[in-house]
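The values are calculated or read from the model by the stated rules, or taken from the named source; none is laboratory data. Keep in mind that this is a model prediction, so the values were computed, not measured. Every residue, glycine among them, receives a Cβ derived from its backbone with ideal geometry; neighbour counts consider all protein chains shown. Protein only, heavy atoms only, side chains kept; ligands, DNA and RNA dropped before computing areas. Shrake-Rupley method; radii C 1.70, N 1.55, O 1.52, S 1.80 Å.
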Amino acid sequence: MVKITYNYESLDKHGITEQEADEVYATGKDFDLEPSVSGNDRIMVVGWTSTGRLLEVGIEYLPHGHDHMFHASDATKPYRELFEKEK
């Protein structure tokens, strides 16, 4: 099982719950990002919540099966457009 940690500052700033972020992470569309400064792979996941919010959730894959959700917000225009294009 993957352990997930959260950037609560980002969740709180954008009014997003862990459950909403987890839902998007589990069901959304992945877009590759540049590796982190530590060299870890990262993705941005864009998807709908069950309440109709389109979110973007940034994930950094840390060693030993640990994922860190470093960013969560309502989907910005570039990611909304990528998401619609990939549908």
Q | Qualifying residue in the stretch 2-14 (condition: of a type in the set (Lys, Arg), open to solvent by 80 Å² or more (accessible area, probe 1.4 Å) and in contact with a His (Cβ under 9 Å, 6 or more places away or on another chain)) | A | yes
Q) Does the stretch 52-75 contain at least one residue that is within 23 Å of LYS87 (Cβ to Cβ), in a strand (DSSP E or B) and charged (D, E, K, R)? A) yes
Q) Residues in the stretch 19-42 that are in contact (Cβ under 8 Å) with a residue 40 or more places away in the chain and more than 12 Å from LEU55 (Cβ to Cβ): how many? A) 1
Q: Output the residues belonging to the stretch 18-50 that are of a type in the set (Ser, Thr, Tyr), open to solvent by less than 60 Å² (accessible area, probe 1.4 Å) and either in contact with a Leu (Cβ under 6 Å, 6 or more places away or on another chain) or in a loop (DSSP other than H, G, I, E, B) (or both).
A: SER36, THR49
